[in-house]
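Peer 1: Take this structure first; my questions come after.
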Amino acid sequence: MAYNLRCPCGESITALEDDFVAKVQAHLAAEHPGREYTETEIMLMAMTVPDRAVKSD
Ligand SMILES: [Zn+2]
């Protein structure tokens, strides 16, 4: 299972389930200091996507 979240800033964050919340929180910390979401809030905003949508980089 993988998830995608389109940030209001335009960034599209896609990651496998195990990495997803950490990746979103890292984006928030880097690009939107002071804006913090809980894991529950992040998962409510996320959409499921196929694993193949995750880029390996
Ligand atoms: Zn953003």
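Peer 1: With every protein chain kept in place and ligands, DNA and RNA left out, what is the accessible area per residue of the chain? Probe 1.4 Å, answer in Å².
Peer 2: Working: 4210 Å² over 57 residues.
The answer is 74 Å² per residue.
Peer 1: Given the options Leu28, Leu44, Leu16, which has the most mean-square fluctuation in a GNM of the chain, springs set between C-alpha atoms less than 10 angstrom apart?
Peer 2: Leu44
Peer 1: For the chain, take the longest principal axis of its alpha carbons; what is the angle in degrees between that and the long axis of helix 17-31, to the nearest 10 within 0 to 90?
Peer 2: It works out to around 30 degrees.
The values are calculated or read from the model by the stated rules, or taken from the named source; none is laboratory data. Keep in mind it's a predicted model, so treat the numbers as computed, not measured. Heavy atoms of the whole protein, side chains included, go into the accessibility calculation; ligands, DNA and RNA do not. Shrake-Rupley method; radii C 1.70, N 1.55, O 1.52, S 1.80 Å.
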